[in-house]
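Written below as structure tokens is the structure these notes are about.
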Amino acid sequence: MSSSETGPAEGAVAAVAPQLRELRRRAALTLEAAARAAGLSPAHLSRLETGQRQPSLPMLLSLARVYGTTVAELLGESAADRDAVVRAADMEPTAAGGWTYWRAGAPGRGMQALRVQVPYGSQGDVVRVHPGEEWLHVLRGRLRLRLGDTEHRLTAGDSAHFDSMTPHRIAAQDPDGVELLFVHTLLQSPTAALCLGPTPGETP
């Protein structure tokens with residue numbers, strides 16, 4: 001594929017840049033305030049807003065919480081369509097930070113549901129700490145999930161449900177990667193007090 005051509009996943013991520021700036025302004029947040037709440041440097045967030053950097057999925061999740069919205073809206077999808085059923089044929093893949101994910105729930109809800117493909121060696125050293133709860137279910141492959149000081153090995157059919165304020169890391173155990181169903185809660189108020197920590201492995 002030439003550099004002038006983009007697939008659905010690349011096109012969706014390219015559309016994030018102007019949406020990030022618009023949502024930040026709508027939330028009446030300065031670049032510095034939004035970056036601090038999301039655990040990013042202002043320079044890094046500026047590059048995301050101008051399309052110079054591609055956001056990872058965890059970054060999109062953090063920014064969605066800061067702006068009181070969903071990853072779907074960050075990707076420019078309409079929040080007006082609140083159908084209860086999401087058909088497989090309508091799930092467009094989005095590549096972000098080495099992961100690929102598909103929206104598995106309707107936008108504009110209090111929870112975000114995603115189907116996520118995590119390649120081997122991708123973001124396994126990134127520690128996440130943020131408000132909310134997360135639930136995940138392994139569809140295929142084997143997962144290494146670290147919660148605090150404890151590491152868990154999950155296989156197909158296993159699930160985990162935890163407080164997102166617990167430092168956590170997600171990594172594929174095998175070269176074939178791991179596929180997950182992933183559900184997390186969203187903070188709907190952009191002015192909520194956020195405790196998002198720094199994101200090791202993400203450099204400005």
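The values are calculated or read from the model by the stated rules, or taken from the named source; none is laboratory data. Because the structure is a prediction, the values reported are computed rather than measured. Don't worry about glycine lacking a Cβ; one is built from the backbone with ideal geometry, like all the others, and counts go over all protein chains shown. These area figures cover heavy atoms from the full protein model, side chains too; ligands, DNA and RNA do not enter into them. Shrake-Rupley method; radii C 1.70, N 1.55, O 1.52, S 1.80 Å.
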>> Regarding region 128-146, can at least one residue be identified that is in contact with a Ser or Thr (Cβ under 9 Å, 6 or more places away or on another chain), over 26 Å from Ala17 (Cα atoms) and of a type in the set (Val, Ile, Thr)?
In response: yes
> For Arg153, are the conditions met, namely being at pLDDT 95 or above, loosely packed, with under 14 Cβ neighbours inside 10 Å and not assigned by the TED database to the domain that holds Leu57?
Replying inline: yes
> How many of the residues making up region 136-156 are touching a residue at least 12 places away in the same chain (Cβ under 8 Å) and in a strand (DSSP E or B)?
Replying inline: 14
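So is Val85 among the aliphatic types (A, V, I, L, M) and in a loop (DSSP other than H, G, I, E, B) or not?
yes
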> Do any residues in region 20-43 that are of a type in the set (Asp, Glu) have Cβ atoms under 7 Å from those of residues that are at pLDDT 90 or above, where the two are at least six apart or on different chains, and which pairs are they?
Replying inline: Glu32/Pro42
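Conditions tested, residue by residue: (1) at pLDDT 85 or above; (2) surrounded by 16 or more Cβ atoms within 10 Å (Cβ to Cβ); (3) not acidic (Asp, Glu).
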| residue | (1), (2), (3) |
| --- | --- |
| Gly7 | no, no, yes |
| Ala35 | yes, yes, yes |
| Leu45 | yes, yes, yes |
| Met59 | no, yes, yes |
| Thr69 | no, yes, yes |
> Picking from Leu143, Leu139, Leu147, which residue would you name as being among the hydrophobic types (A, V, I, L, M, F, W, C), open to solvent by less than 20 Å² (accessible area, probe 1.4 Å) and not assigned by the TED database to the domain that holds Ala64?
Replying inline: Leu143
>> If a residue must be among the basic types (Lys, Arg) and within 13 Å of Gln117 (Cβ to Cβ), how many such residues does region 130-183 contain?
In response: 1
